[in-house]
1. Which of the helices (runs of 4 or more DSSP H) contained wholly in segment 239-334 include at least 2 residues that are of a type in the set (Val, Ile, Thr) and out of contact with any Cys (no Cβ under 7 Å at 6 or more places or on another chain)?
2. Can you find a residue in segment 486-500 that is part of a loop (DSSP other than H, G, I, E, B), surrounded by fewer than 14 Cβ atoms within 10 Å (Cβ to Cβ) and in contact with a strand residue (DSSP E or B) (Cβ under 7 Å, 6 or more places away or on another chain)?
3. Do any helices (runs of 4 or more DSSP H) lying entirely in segment 27-116 carry at least 2 residues that are of a type in the set (Asp, Glu) and either free of Cβ contacts under 8 Å to residues at least 12 places away in the same chain or closer than 30 Å to Pro459 by Cα (or both), and which ones are they?
4. Quick one: count up the residues across segment 435-459 that are crowded, with 20+ Cβ neighbours inside 10 Å, within 27 Å of the chain's Cα centre (by Cα) and either hydroxyl-bearing (Ser, Thr, Tyr) or not in a loop (DSSP other than H, G, I, E, B) (or both).
5. Which condition breaks for Ile381 when tested against (1) free of Cβ contacts under 8 Å to residues at least 60 places away in the same chain; (2) among the aliphatic types (A, V, I, L, M); (3) under 23 Å from Ser7 (Cα atoms)?
6. Only one of (1) in contact with a strand residue (DSSP E or B) (Cβ under 9 Å, 6 or more places away or on another chain); (2) farther than 25 Å from Val372 by Cα; (3) in contact (Cβ under 8 Å) with a residue 24 or more places away in the chain; (4) crowded, with 16+ Cβ neighbours inside 10 Å fails for Thr23. Which number is that?
7. Across segment 120-158, what is the number of residues that are within 22 Å of Gly105 (Cα to Cα) and among the charged types (D, E, K, R)?
Amino acid sequence: MTMKQISSCTLDCQDTCSTIIKTDDDGRVSISGNPDHPFTRGVICAKGKRALQRRTSPHRITTPLIKRAGSFEPVSWDAALDLVAKKIKALRHEPAAMLHVRNYGYRGVFAEGSNYLFNLLGASATRGSLCDEAGCTAFIEDFGALEMNAPEELLNAGHIVNWGKDFSRSSIHLAGLVKNARKKGCGITTISPGGDGNRAYSDHLIRIRPGTDRFLAAAVIKAMLEQGLASPRAMDRASGLADFMALINGQTLDGLLTACDCKRPDLDHLLNIYADPGGIPVASIMGWGIQRYLFGGENVRYINALAFLSGQVGIRGGGIYFNIPSSRSINTGWAGKAGSPCRALLLPRIGLELLEADPGIKLLLADGTNFVNQAPDSKTIQQAMEKIDFKVVVDAFMTDTARLADVILPCALDHEREEILGSCFHTVVNYSAPVFPPAGDARCDFEIMAGLADRLALPFPNREDILADALDINAIGNAQNHENSIAELRETGFIKTAHPDIAWEGLRFAHGDGNYRLPDTLGEEAPPPDGFPLHLLSLVNRDFLHSQIPEEKQQGLPNVWINPDSPVLAGLDRTAPIFLATPLGRMPVKLCFLDDLHPFSLIIRRGGWMMHGQCANHLIGPKISDMGETAAYYSQYARLEN
């Protein structure tokens, strides 16, 4: 008899899928999407299905390791935790010398355990983002909070404008919604540098110079204002309108279009969509890549302004899709009650921050992150790590970060630990059940931190207390339903929340005056540095999430893609070894071609490891976005050379 159990994917993905784990009589295990879940609807992506392969991988670390004489040796949990606790005790009088680095290797209410412990210690932490904070900050600046229409509202759109989301590689469920909307007659326009998989999802493509979305949006706004096509109701709800109009009036359409390498037909096409006198609802979707530039926040703000001024905010079938807080329906605030970090080092430039820290960092604990590999300027991070006296990494694989550790603590993976988590895209809360015991001697992260707290004689929360308060009361309606909701979660694997389907209905925003905020700057794009004409775009991988790539899949040279007609290829000997180069160094690559890619763009897929020669982050400088302190990966310029 086949046994079925409901669980959930806890990876750093907006879909946050509910899953069904099936175990046959012969012991064979399979994973599929939960057909009863209102968003998952029985479908999961290849990345989620690989959870079972990761769990049983021969490369997985399943026992604690301590580095002795340059080599890792297996030890007991008592030996490993005793050593880590001893090192922490020696620095209790100097908490700033301890650094906790935590990211989103997995998410949920119990994932906050390490934050609680190190907040209690008053240690140093990190700030800034390797992901989406520039865009999130832009939304808060504009609307006062991070909200968007329910994803299903895309099915009510008359036209969807996709600003840079690669539907073929990111969210399988968003791609499904777009396909279904198109079947219903919704038009799809995609704006991107090209080289993605959006042609199959789109009726119209606009190729743009990387990182210049703000200029195209500003051009459409300028034409809309000049022709009196902006929504009077929206303009009445806007703060800073006069200054914004003066800023826009100071631009020329030709100048704006030249800046983004677009043409007048591109402008006219978008103007006809956003300012359609027929009043069809227009939904705008933003990919997270558009905010990974020096002016990433402005890119988002001008797209927001275009959607707002055209009257597409606060309506059914319209709205702007970027992100919502994944924690808004669950209670993760308990970690902050332990205290606050004594200081925060900037994660997107963590290598330099570590080298410049005063006092210096003597102990580092990292969990939920392969930051040595994933942050920009990776070689500097590696050099800085080697100067730290004692390093602890919680991980299941020998990543570029783990191999620099003095102690590796093996963690449980998806479907081996209990978790409750929300999504940054849909409004359903999921329950991730511990279907399997942790492999080998691996332990849940929460249990690891509880073990350290016990050795440090520090109070640590009880799991059941956290679970009992895991759901945000406002998200589920009222306090009376709370206890029943936890039971429902464990039984069904998910629970719907009470968030409205339409964000900002009535055009009342979260700022104190209730108004929308328009941008007051339009940053000029600097020319590429001499000798480095190509935008290096380290884009999302279709098959693997971030750096969770099996080592056997990292053989040979990494591929880079360029337009075969790009003028930068002149003089390059394609029969000789080819290198990707930036001012930080170079790496050997294999040249591939994409006909629709912007001629001054170069694509490499993210996630490869330094130790296998697959990581481009050591060639990417630690640049910071205009808001949200986000890594501006895509503002790195590069070249190809022999």
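1. Details: elements: 241-249, 253-260, 264-274, 296-309.
Hits in segment 239-334: 296-309.
2. No, segment 486-500 contains no residue that is part of a loop (DSSP other than H, G, I, E, B), surrounded by fewer than 14 Cβ atoms within 10 Å (Cβ to Cβ) and in contact with a strand residue (DSSP E or B) (Cβ under 7 Å, 6 or more places away or on another chain).
3. Values: elements: 46-49, 51-55, 77-89.
Counting at least 2 such residues, we get 77-89.
4. Qualifying residue count for the region: 5.
5. (3)
6. Status for Thr23: all satisfied but (3).
7. Within segment 120-158, residues that are within 22 Å of Gly105 (Cα to Cα) and among the charged types (D, E, K, R) number 3.
Every residue, every condition in (1) of a type outside the set (A, V, I, L, M, F, W, C); (2) crowded, with 22+ Cβ neighbours inside 10 Å; (3) outside the structural domain of Arg605 (by TED's automatic domain parsing); (4) within 27 Å of Phe509 (Cα to Cα), yes or no:
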| site | (1), (2), (3), (4) |
| --- | --- |
| Lys179 | yes, no, yes, no |
| Arg182 | yes, no, yes, no |
| Gly187 | yes, no, yes, no |
| Ala200 | no, no, yes, no |
| Ala230 | no, yes, yes, yes |
| Leu247 | no, no, yes, yes |
| Gly255 | yes, no, yes, no |
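The values are calculated or read from the model by the stated rules, or taken from the named source; none is laboratory data. The model shown is predicted, which means the values in this text are computed figures rather than measured ones. For neighbour counting, all protein chains shown are included, and Cβ atoms are generated from backbone atoms with ideal geometry for every residue, glycine included.
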